[in-house]
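Since the structure comes first, as structure tokens, the remarks are kept for the end.
The values are calculated or read from the model by the stated rules, or taken from the named source; none is laboratory data. What you are looking at is a predicted structure, and each value in this text was computed from that prediction instead of being measured. Positions of Cβ are backbone-derived with ideal geometry, glycine not excepted, and every protein chain shown enters the neighbour counts. Accessible surface is based on the protein model in full, side chains and every heavy atom, while ligands, DNA and RNA are left aside. Shrake-Rupley method; radii C 1.70, N 1.55, O 1.52, S 1.80 Å.
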Amino acid sequence: MKVSYNWLQSHFKKQLPPVEEITNGLIFHSFEVEGGEKYKDGYVFDIKILPDRAHDCLCHLGVTREISAIFNIEKPAVPFEKLGNVGGKKSSVQVEIEDGELCRRYVGRVVRDIIVKDSGQDIKDKLESIGQKSINNIVDAANLIMFEIGQPLHAFDLDKIKGNIVVRNAKLGEKITTLDDREVELRIDTLVIADDVGPLAIAGVKGGKRAGVTKETKNIFLESANFNPVATRKTATKLNIHTDASKRFENDFPAELAMEAIHLFSGVLKAMASAEKTVFEDIIDIYKKPEGIREIFVTQKEISAILGIKLEKDEIVSILKRLDISATVENEKIKVISPVWRLDLNIKEDVAEEVGRINGYEKVPNLLPENKLIVKQNPEYLVVNKIKEFLFKQNFSEIYSYSFSEYGDVEIDKPLASDKKFLRKNITEPLCEKIEFNLRNSIFDQDPIRIFEIGNVYNLEGETKSLCFGVGYKTKKLNKSKAEIDIITANLLKELKIVQDIKPTVVEKENMTVVEFEMTDIFKLSLVDDFDLQTLINKDANYKKISQYPRSIRDIALFVPPEITSDRVENLIKENSGTLLVNDPILFDTFEKKDESGAVIKKSFAFRLIFQSYERTLLEQEINELVLGIIAKIEENQDWVVRK
């Protein structure tokens, strides 16, 4: 979510900390800040708000509360005026809700004799800084309050509403043209805001064009509602209409804030769009199941035990109050009342998390002794670990392939792609594909590809785990995979202490052999009962990103005097290859030339060099120049002759 520094500042009397300090504070205590950019005289943060905090922090006010708690500064105040009931004029529009589970609260208000015009530059700047386009002062006011407190709002042209408003499911065959001119055929499980004629809006998702506000609009009906998160998400997904409003509703939003939002919406409209004869009618509020007060009782000892650090009662209470969370000490317990905007605070562990993150996770000590692991031995894990250890020693590499396939027994309701419509029923097919792929990119024709995977497969009976491994060669002539697989299989079963015969599924092709075992049989028959914990602590392990750019391969062969070793030649090549050489030169061929008496008169070494960049595709000319430079360095040595 984009968050404006200047907008945040408007909540505080004192100057906020600099951008860098706020960024670090949020990262270490609240959310990941993915980036930011300057906007005119201010700055805009790009903050990743996770779903568990979307209900209170997909808005500027929520972020200001975090900043207030992190830096222990004054409580933020909403920088907009509120307007409640003012004239005692009863609403001229009635609202009916057919399903109180789908529409949990509906707050509405009629405003007459409003002035529709462009917003002032300050409002335009606020919205444009966070990527929102200014439409008119009515729509802008709705967006302004949504990005201020999080509650989505909508305004209808009252004169285009026929009769009263009903919140109901769409009827068979009903359609709506949305504000962006998209005609949508509605499903009977789609919740809509309708009048006597038909749908006016898709509830919680998108407004309709029929009652949209235009420059000619004089009277409006304001909506501040709360819709079921699951139903909203299903509707947005099925119709493929995802909006700022649907994003907030589908992550759940406190129904208690609907009234707060209509007051703010009205206040902003009074300042931006009213005249002397403008009338704000009384507010309608249909709220059949109000949210109750959520009390959590926790002790100082419980909080300290959960966090692994001792905190006193007054410290806990102080931190919670910084977050605007009511906390009082009652005898030995701390009574915590969740604010209406914090739907995520329900149990004592939630309270402990709040205390821990604001106090600072860096203050939690390392409770495990160095280089010690506490492991509960799982029999199946032991077997899988033993299999991996064995296959690694046989020069196999582990792969992870897709669980989705073009064919299978279990079909996906919403597939990711046309070739991923099913859950895979075996690992053999994808493993064969991966062997072929690796063979096409192998450096030496005679080197086999050895890969394996342990993963889940699916059929109509359910989900099981399989072990699949295979060996492949570049050509049929070189293929020795069947004999190798037979030996490896026998040795693997011996390693697992399996004495009974297990028959895998075997696939033989002209250049490869692949076998697949059901792990259920292996788990049942294996007698493996221990393993070395130190195999889990590999301090020498390191990981390197694979370049996305193509590699260039060059071979250099040369004659050298008999006393010269291959290591000396290899070192010379490395020293003159620059940063583009991947790993070390590979020695793939040697022979000695002898005289009639059998004495070695010279040696021949052949090296393969692989060049690759992490930033771009290499040019043929630059690789050729690099190789020529290496050759020149080689030939500076007496009696070293490059074979051409």
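Which pairs do you get when a residue that is within 12 Å of Lys633 (Cα to Cα), found in the range 564-575, comes within reach of a residue that is part of a helix (DSSP H, G or I) and open to solvent by less than 70 Å² (accessible area, probe 1.4 Å), reach meaning Cβ atoms under 6 angstrom, with the pair 6+ apart or on two chains?
Once the first residue is within 12 Å of Lys633 (Cα to Cα) and sits in the range 564-575, its partners that are part of a helix (DSSP H, G or I) and open to solvent by less than 70 Å² (accessible area, probe 1.4 Å) give Ile573/Ile630.
The rows are residues; the columns are (1) farther than 30 Å from Phe28 by Cα; (2) of a type in the set (Phe, Trp, Tyr); (3) modelled with pLDDT under 95.
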{"position": "Val384", "(1), (2), (3)": "yes, no, yes"}
{"position": "Tyr402", "(1), (2), (3)": "yes, yes, yes"}
{"position": "Pro415", "(1), (2), (3)": "yes, no, yes"}
{"position": "Leu431", "(1), (2), (3)": "yes, no, no"}
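Would you check which residues across the range 193-203 are more than 15 Å from Ala155 (Cα to Cα) and either surrounded by 14 or more Cβ atoms within 10 Å (Cβ to Cβ) or among the basic types (Lys, Arg) (or both) and list them?
Gly198
Does Lys633 satisfy being at pLDDT 90 or above and more than 55 Å from the chain's Cα centre (by Cα)?
The answer is no for Lys633.
Sort out which residues of the range 536-558 are within 22 Å of Leu626 (Cβ to Cβ) and either at pLDDT 90 or above or open to solvent by 100 Å² or more (accessible area, probe 1.4 Å) (or both), and write them in order of number.
Once the filter is applied, which keeps residues that are within 22 Å of Leu626 (Cβ to Cβ) and either at pLDDT 90 or above or open to solvent by 100 Å² or more (accessible area, probe 1.4 Å) (or both), the range 536-558 yields Lys544, Ile546, Gln548, Ser552, Ile553, Arg554, Asp555, Ile556, Ala557, Leu558.
Could you tell me whether the range 61-69 includes any residue that is in contact with a strand residue (DSSP E or B) (Cβ under 9 Å, 6 or more places away or on another chain), modelled with pLDDT of 95 or more, closer than 22 Å to Ile145 by Cα and among the hydrophobic types (A, V, I, L, M, F, W, C)?
There is at least one residue in the range 61-69 that is in contact with a strand residue (DSSP E or B) (Cβ under 9 Å, 6 or more places away or on another chain), modelled with pLDDT of 95 or more, closer than 22 Å to Ile145 by Cα and among the hydrophobic types (A, V, I, L, M, F, W, C).
What pairs come out if I take residues in the range 615-634 that are in contact (Cβ under 8 Å) with a residue 12 or more places away in the chain and closer than 19 Å to Val569 by Cα and pair them with residues that are of a type in the set (Lys, Arg) and open to solvent by less than 80 Å² (accessible area, probe 1.4 Å) whose C-beta lies under 7 Å away, six or more apart or interchain?
Val627/Arg554
Could you list, in sequence order, all residues of the range 586-614 that are aliphatic (A, V, I, L, M) and either under 13 Å from Ile573 (Cα atoms) or touching an Asp or Glu at 6+ places or on another chain (Cβ under 8 Å) (or both)?
Ile586, Leu587, Val600, Ile601, Ala606, Leu609, Ile610
Of the residues in the range 45-88, how many are under 30 Å from Ile202 (Cβ atoms) and not acidic (Asp, Glu)?
21
Give the residue that is farthest from Leu492 (Cα to Cα), with candidates limited to residues of the range 377-393 that are open to solvent by 20 Å² or more (accessible area, probe 1.4 Å) and either in contact with a strand residue (DSSP E or B) (Cβ under 9 Å, 6 or more places away or on another chain) or charged (D, E, K, R) (or both).
Once the filter is applied, the top-ranked residue is Glu380.
Can you go through Val167, Val192 and tell me which one is in a strand (DSSP E or B) and in contact with a Cys (Cβ under 9 Å, 6 or more places away or on another chain)?
Checking each option against the conditions leaves just Val167.
Any idea which residue in the range 457-476 is most open to solvent (accessible area, probe 1.4 Å), counting only those that are hydrophobic (A, V, I, L, M, F, W, C) and touching a residue at least 40 places away in the same chain (Cβ under 8 Å)?
Leu460
Could you please let me know if Leu61 is under 27 Å from Asn226 (Cα atoms), open to solvent by 40 Å² or more (accessible area, probe 1.4 Å) and not small (Gly, Ala, Ser)?
no
Filter the range 252-295 down to the residues that are more than 17 Å from Leu61 (Cα to Cα), hydrophobic (A, V, I, L, M, F, W, C) and in contact with a Leu (Cβ under 7 Å, 6 or more places away or on another chain) and list them by number.
Phe280
Give the residues of the range 64-82 that are buried (at least 19 other Cβ atoms within 10 Å of the Cβ) and basic (Lys, Arg), sorted by residue number.
Within the range 64-82, just Arg65 meets the criteria.
Does at least one position in the range 17-24 carry a residue that is assigned to a helix (DSSP H, G or I), modelled with pLDDT of 95 or more, within 16 Å of Ile130 (Cβ to Cβ) and open to solvent by 50 Å² or more (accessible area, probe 1.4 Å)?
No, there is no match, as no residue in the range 17-24 is assigned to a helix (DSSP H, G or I), modelled with pLDDT of 95 or more, within 16 Å of Ile130 (Cβ to Cβ) and open to solvent by 50 Å² or more (accessible area, probe 1.4 Å).
Could you look through the range 593-622, keep only residues that are in contact with a strand residue (DSSP E or B) (Cβ under 8 Å, 6 or more places away or on another chain) and assigned to a loop (DSSP other than H, G, I, E, B), and pick out the one that is most open to solvent (accessible area, probe 1.4 Å)?
Among those residues, the one meeting the criterion is Asp595.
Name every residue in the range 300-316 that is open to solvent by 30 Å² or more (accessible area, probe 1.4 Å), touching a residue at least 12 places away in the same chain (Cβ under 8 Å) and outside any helix (DSSP H, G or I), in order of residue number.
Ile309, Glu312
Would you pick out the residues in the range 25-44 that are part of a loop (DSSP other than H, G, I, E, B) and open to solvent by 30 Å² or more (accessible area, probe 1.4 Å)?
Matches in the range 25-44: Ser30, Lys40, Asp41.
Could you please let me know if Ser68 is in contact (Cβ under 8 Å) with a residue 12 or more places away in the chain, hydroxyl-bearing (Ser, Thr, Tyr) and within 23 Å of Asp282 (Cβ to Cβ)?
The answer is no for Ser68.
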